[in-house]
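The values are calculated or read from the model by the stated rules, or taken from the named source; none is laboratory data. What you are looking at is a predicted structure, and each value in this text was computed from that prediction instead of being measured. Cβ sites come from the backbone with ideal geometry, for glycine too, and all protein chains shown count toward neighbours. Protein only, heavy atoms only, side chains kept; ligands, DNA and RNA dropped before computing areas. Shrake-Rupley method; radii C 1.70, N 1.55, O 1.52, S 1.80 Å.
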Amino acid sequence: MSDSYWTPRQPQANTRGRQLSATMDTKTIVLVTGANSGIGLASIRSFWESPKTYHILAAGRTLQKIQDAVAPIRDSPSPGHSTIDEIEIDISDDVSITNAASLIQGKFGRLDTLVNNAGGGNDTDYQNGTMSQREAWNRTMDLNVTSPQVMTTEFAPLLLKSADPRLLYITSGMSSLQEEHTRTTPGEARAPKYPAGWPKAERTAATNAYAYRVSKTALNMMFLHWVRLFEADGVKCFALSPGFLATNLAGDPELMKKAGAGDPSLGGDFIRDCVEGKRDEHAGRVIRRDGSIQDW
Ligand SMILES: NC(=O)c1ccc[n+]([C@@H]2O[C@H](COP(=O)([O-])OP(=O)(O)OC[C@H]3O[C@@H](n4cnc5c(N)ncnc54)[C@H](OP(=O)(O)O)[C@@H]3O)[C@@H](O)[C@H]2O)c1
């Protein structure tokens, strides 16, 4: 296996003494996909700043991008004396996933937490004519549903070797069937009815992200199946709805901020809370950051 998948680092000078005593047995090994940007990157910072001790596997589909993103975090103090490796994983590529899983198997023999964070959508590519509808929908479903499904399958044996295995998915506040029924989906609440006739112009943020929404609803069902599969294994599973946060998801974080999006650190801390046991009473559920349940 090529070393280009992996960039192990020397221990930081200020953590060296502790690292010699904190073996991998005592560290929580956490892997986050899509960790070079937005909520994923914020979760890496949150784990790094925790008083608990992690070995963080920060995964990105481009090694240079993940290295550049992680560098300033590694240069700051880590109260828990955590450590980080960058790892290249393209979640849409089976070979990339398999290589990463065997690398982690060989190096650590287990994984404590898998955060399936990487995601996005292609609705605007269809709307601006750069992709066919079929391609935009297939790509969105592949990224948000098929890819985390394959990731989880490949990493399941490593999770089952953990003493406290945790499996996280990042869903969306726009994925709720109940809110669609009641027309209370964020961005939809005051939307007027579509006029009769064809074509129907998309009118709201939510309907503009139609394939994305559908993919996240499908992700919720996939998540529930993993909850059922892992019932006897003690894997704590969470699907997190992080809220509207200013990331690269829609292209420009500044525009998202102007539209009311919060800081990605809110999502990063939410992920960490689920890993550190603060939401254990909601294991197996689709949960929102504000503490409520978004099951349906
Ligand atoms: N921001 C929100 O308001 C919001 C709300 C609800 C849910 N979410 C969810 O939160 C998750 C993180 O998104 P974000 O908001 O932080 O957006 P973001 O800043 O665009 O981050 C998305 C991450 O996913 C990565 N990614 C895309 N395709 C990938 C692939 N094939 N393999 C590996 N990584 C890939 C991106 O890598 P590149 O940089 O290489 O493209 C990037 O690191 C997504 O699942 C999103 O649906 C976001």
Just to be sure I understand, how many residues within segment 218-249 are more than 8 Å from the ligand (Cβ to nearest atom), closer than 30 Å to Lys65 by Cα and out of contact with any strand residue (DSSP E or B) (no Cβ under 9 Å at 6 or more places or on another chain)? 1
Return the residues of segment 75-97 that are in a helix (DSSP H, G or I) and open to solvent by 30 Å² or more (accessible area, probe 1.4 Å); say none if nothing qualifies. Asp94, Val95
Go through segment 273-292 and count every residue that is in contact with a Gly (Cβ under 6 Å, 6 or more places away or on another chain) and outside any loop (DSSP other than H, G, I, E, B). 0
With the structure loaded, tell me whether Ala211 is open to solvent by less than 50 Å² (accessible area, probe 1.4 Å) and farther than 30 Å from Asp164 by Cα or whether it fails that test. yes
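Of the residues Leu143, Leu111, Leu41, Leu57, which single one is within 18 Å of the chain's Cα centre (by Cα), in a loop (DSSP other than H, G, I, E, B) and not hydroxyl-bearing (Ser, Thr, Tyr)?
Values: Leu143 fails: in a loop (DSSP other than H, G, I, E, B); Leu41 fails: in a loop (DSSP other than H, G, I, E, B); Leu57 fails: in a loop (DSSP other than H, G, I, E, B).
Within the list Leu143, Leu111, Leu41, Leu57, the selection yields Leu111.
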Scan segment 232-243 and tell me whether some residue there is touching a Cys at 6+ places or on another chain (Cβ under 6 Å) and either open to solvent by less than 20 Å² (accessible area, probe 1.4 Å) or outside any helix (DSSP H, G or I) (or both). yes
Kindly evaluate Arg166 against the criterion of being open to solvent by less than 40 Å² (accessible area, probe 1.4 Å) and in contact with a strand residue (DSSP E or B) (Cβ under 6 Å, 6 or more places away or on another chain). yes
Of everything in segment 250-272, what is open to solvent by 50 Å² or more (accessible area, probe 1.4 Å) and either assigned to a loop (DSSP other than H, G, I, E, B) or among the acidic types (Asp, Glu) (or both)? Give them in sequence order. Ala250, Gly251, Asp252, Glu254, Ala259, Gly260, Asp263, Asp269
